[in-house]
Amino acid sequence: LTERFSKSLSKLRGVRKLTEKQVNDILRDIRMALLEADVDYDVVKSFLKKVRDRAINEDIKNKLSPADSVVLTVYEELTSILGGEKADLKRGVVIFVGLQGTGKTTTIGKLANFLKNQSFKVAVSSTDVRRPAAMLQLQRLAEKVGVPYYSFDEASPVEIATKALERAKKEGVDYLLIDTAGRLHIDEELMEELKRIKEAVKPSEVIYVADAMQGQEALRALKAFHESITLTGVILTKMDGDARGGVALSVKEAIGVPIKFVGVGEKLEDIEIFYPDRIAQRILGLGDLQSLIEKAQQIIPEDEAQVLATRIMMGEFDLEDMLKQIRFIKSMGPLEKILGMIPGVSAELKNLKIDEKKFKKTEAIILSMTKEERRNPKIINMSRKVRIAKGSGTSVGDVNKVLKEYEEMKKMIKRLKGMQGIPKLPRFPF
Ligand code: GDP
Ligand code: MG
C-alpha cells in the first residue's frame, strides 16, 4: 500500500472500535492507493461504497484490530470482484483483438504452447495482412511451439479466417487461434473488419489483449471493443512490469468480462492463469510485504499460500481451504509448512500427517459439496451426506471421515491461535 495508507493504519493499532472518521480516513487512503494503481475513477467509487457499507455494518470480524479488519474487507471485496469464473478457453475458434503492441501475437504463441502442453490440437493463423512482419512473427512462434501455421496467399482477412476454419475442421483441431491486426487507435475500419471476421467464423471466444501498463487508456479501448464486437474474455499482458494491475478491477467492474490469463514476460512460458487474490494483493500493494510468506514461496504457490495462511490466522479455515490445501500438498508441501511459517507453531504439528493416497478421495468428496456446505460444514446433515457420497462415488462413512478430519484440523488451528504470542504475529503485514 502507499506509505500514507500504512501510516493511517498503524495509528489504529490497538484501537477497539472504529469511529466514522477513522473509517473515512482509511477509505480516503485506499481510494488514493486504487487510483494510483490505475483503477478507473467510477470503479473506485462504487467499490469503496461496498467496502464502506460492509465495514460499518459488520463491525467487522471482532477478533481483529479495526485496521486489519478494514484491510481484510478491502482485500476480500477486491478478490470477490475479480474472481468467479474459471480461466478456461472454450474450444473452437479463438480470436485475439486489441490495440497494436499490446501483445496479441506473443500471447497467441504462449497460449498455443500452453494448450499444446495440455495435449490439445492447436493451429494458428494471422489476418494481419497489412503487416507482413507481424504474420511472419506468428509463423515463427508457431514453428517454435510446433503447431501448424495456416497461411493463404493473397487473401483478405475474412477469407483467411474462413479458410483457416475450414482447414481446422478438416484436421480436427481443438483450438484455432486467430491473430488480428491492431491499430494504434480505435478506428471504424478495424472494427468493421473484426465484425466481419467474427461473423464468418463464429468464434467460441473473442479475447481482448490488454497491456496492463497502459492503465486507463487500455480501459477506454476495451470498452469500445466490447461495444462493437462483444468480448468473452481478457488477457492482461506485461504484468511483469511495475503496473499495479488496477485495470483488472476496471475490466470486471466496467464490462463484467472475465480475465483469463496474465502475461508475465516475453518468453513462451511467460503466461499464467489469472488468480484474483494475487492481483488483489498487487493492487493493494500487499504482494511484496509478507515476509511470513516469502519463506514459503519456494515450497508452495505464493498466492494460495498467502491466502490460506491469512485465513488460518484469522481462524476462518473451512472446507474450501481444506480443499485448496489438499491440492497443493499434492504438488508441493504439507500444512505443517504453512503453519510452520507462523513462528512457534511448527513443533505443535508433528502429529498432523495426511495420507497422500487419501487425497483423491477427499478431494472428490469436497468437490461434491455445494459452496455453502464447504463454507459452513455444520449444515451437512444425513441427506446431504448421502448425496455427497453418491456424487463422489464414496460412502457416507468416507464423508464422515473427511468431516472429522476437517474438525480436527480446525480444532488444532483454534488451539494454535489461542497460544500466546500468535495473535500478535500475523495480521496484515504492514
Ligand atoms: P501485438 O502488436 O499486439 O501483436 O503485440 P506483440 O505480440 O507483437 O508484442 C508487442 C511487444 O510486447 C513485444 O515486444 C513483446 O515481446 C512484448 N510483450 C508481449 N507480452 C508481454 C508480456 O507479458 N510481458 C512483457 N514484458 N512483454 C510482452
Ligand atoms: Mg501482432
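What follows draws every value from the coordinates through simple rules; no lab data is involved. Fair warning: this is a prediction, and the values are worked out from it, not measured in the lab. Glycine gets a Cβ as well: all are built from the backbone with ideal geometry, and neighbour counts include every protein chain shown.
Taking amide H as placed 1.01 Å from N in the peptide plane, the amide H of LEU177 sits under 5 Å from that of VAL94, ALA123, VAL124, SER125, each at least 5 places away or on another chain. Charge tally for PRO148 (other residues, Cβ to Cβ under 10 Å; Lys, Arg +1; Asp, Glu -1): 0.
Straightening the chain between ARG220 and LYS144 buys 24.0 nm, computed as 0.36 nm per residue apart minus the Cα-Cα spacing.
Of the peptides 405-411, 245-251, the order by per-residue mean of other Cβ atoms within 10 Å, starting with the highest, comes out as 245-251, 405-411. Pairs from the table (LYS90/LYS260; LYS116/LYS202; LYS21/LYS49; LYS144/LYS198) lying more than 19 angstrom apart at Cα are LYS116/LYS202; LYS144/LYS198. At R0 = 45 Å, how high is the FRET efficiency between SER156 and ARG28 if r is their beta carbon distance? Nearest 0.05 is fine. Approximately 0.25, to the nearest 0.05. Here the spin labels are modelled as points 7 Å beyond Cα on the Cα-Cβ line, and at ILE186 and ASN117 they lie 3.4 nm apart. The equivalent ellipsoid of the range 145-225 has semi-axes of 26, 15, 11 Å, largest first, where each one is the square root of 5 times an eigenvalue of the Cα gyration tensor.
Distance between the pseudo-spin-label points of LYS202 and MET382 (7 Å out from Cα toward the beta carbon): 5.1 nm.
Working note: Karplus 6.51/-1.76/1.60 with θ = phi - 60° gives the range 43-53 the couplings 4, 4, 4, 5, 5, 5, 5, 4, 4, 4, 4 Hz, where Gly and Pro are set to x. Both radii were evaluated on the Cα set of the range 92-273; the Rg over Rh quotient, with Rh as the Kirkwood radius, amounts to 0.94.
On the principal axes of its alpha carbon atoms, the range 96-182 extends 32, 26, 19 Å, with the longest extent given first.
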